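Below: the structure, in structure tokens.
The values are calculated or read from the model by the stated rules, or taken from the named source; none is laboratory data. Just so it is clear, the structure is predicted and the values come from calculations on it, not from any experiment. Heads up, the Cβs are rebuilt from the backbone with ideal geometry, glycines too, and the neighbour counts pull from every protein chain shown. In case anyone asks, the SASA skips ligands and DNA or RNA and just uses the protein heavy atoms, side chains included. Shrake-Rupley method; radii C 1.70, N 1.55, O 1.52, S 1.80 Å.
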Amino acid sequence: GFVIVYTSDKYKKYIGHRIKSVNNVPIEKLQKEAESIINYATTMKLYGELPSYIAGGDSRLKTLPSIDSSCTQLTYELDNGTITFDINETKDEELPSYKLRQERLNNNCTYKIIDDTLIFDYTMCRENHEGQMEESVNKVKRVIKENKIRNFVLDLRKNDGGNSNIIKPLTSYLKDSKLNLYAFVSRRTFSAGIWAACDMKELGAKIIG
């Protein structure tokens, strides 16, 4: 089912509750309609895309046959009440998908150290701001030198794509490094995320997952 996990402060009391219908259309019917038009190669990609049709704003939801494309309100029936949005008054930053996307962007291109291994979390082939990847690579260079890092892991398990060129500052640095290279992938790795794994493989990295 579809469970609310991100909201604006106004609707926080609904977190954890299931969506039963939208504009009186059962959620199961909307899910089947969305599945018939989503382009995906893995089930994880499908699961990642479905919420954007149900709660990502009106643009995708109104492409589904059962939703009136001229409607100006969306009413979500939950297991504990209803929420009604006026499409013309709801701002993008109030939408769950916007909040989730911003959180992922803010945590993109981050890293952690375990012993002599640095794990670089690359969740999206996108940048929160121009030059984010280059800034992160400069930080990583200093950290690797100061902590005698031997192993570098590029974590692509949540990466569902974007712009395949953004990774270039990182791969350019790794190409000339003497680090042992690895990349983590999963069924959720998709599109430019797969290209990132291919880039790592060309550098001699071991692909795990």
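Name the single residue that is modelled with the highest pLDDT among those in segment 76-94 being β-branched (V, I, T) and open to solvent by less than 50 Å² (accessible area, probe 1.4 Å).
I83
Go through segment 177-209 and count every residue that is open to solvent by 50 Å² or more (accessible area, probe 1.4 Å), modelled with pLDDT under 95 and in contact with a helix residue (DSSP H, G or I) (Cβ under 6 Å, 6 or more places away or on another chain).
So the answer is 2.
Out of the residues in segment 117-137 that are part of a loop (DSSP other than H, G, I, E, B) and among the acidic types (D, E), which is surrounded by the fewest Cβ atoms within 10 Å (Cβ to Cβ)?
So the residue we want is E130.
Mind checking which residues of segment 15-28 are within 20 Å of F85 (Cβ to Cβ) and open to solvent by 30 Å² or more (accessible area, probe 1.4 Å)?
I15, G16, H17, R18, K20, N23, N24, P26
Name the residue that is least open to solvent (accessible area, probe 1.4 Å), counting only residues in segment 138-160 that are of a type in the set (A, V, I, L, M) and either assigned to a loop (DSSP other than H, G, I, E, B) or at positive phi (or both).
For segment 138-160, the residue satisfying everything is L156.
Quickly run through segment 3-14 and pick out the residues that are more than 16 Å from the chain's Cα centre (by Cα), open to solvent by 60 Å² or more (accessible area, probe 1.4 Å) and of a type outside the set (D, E).
Correct list: V3, K10, K12, K13.
Is there a residue being modelled with pLDDT of 95 or more and part of a loop (DSSP other than H, G, I, E, B) anywhere in segment 168-176?
Taking every residue of segment 168-176 in turn, none turns out to be modelled with pLDDT of 95 or more and part of a loop (DSSP other than H, G, I, E, B).
When L100 is evaluated against the numbered criteria (1) within 22 Å of F190 (Cβ to Cβ); (2) open to solvent by less than 80 Å² (accessible area, probe 1.4 Å); (3) at pLDDT 80 or above, which criterion, by number, is the only one it fails?
Unmet condition: (3).
Which residues, counting only those in segment 36-65, are open to solvent by less than 40 Å² (accessible area, probe 1.4 Å) and of a type in the set (F, W, Y)?
The one that is open to solvent by less than 40 Å² (accessible area, probe 1.4 Å) and of a type in the set (F, W, Y): Y53.
Residue check: is A183 among the aliphatic types (A, V, I, L, M) and either at positive phi or not in a helix (DSSP H, G or I) (or both)?
yes
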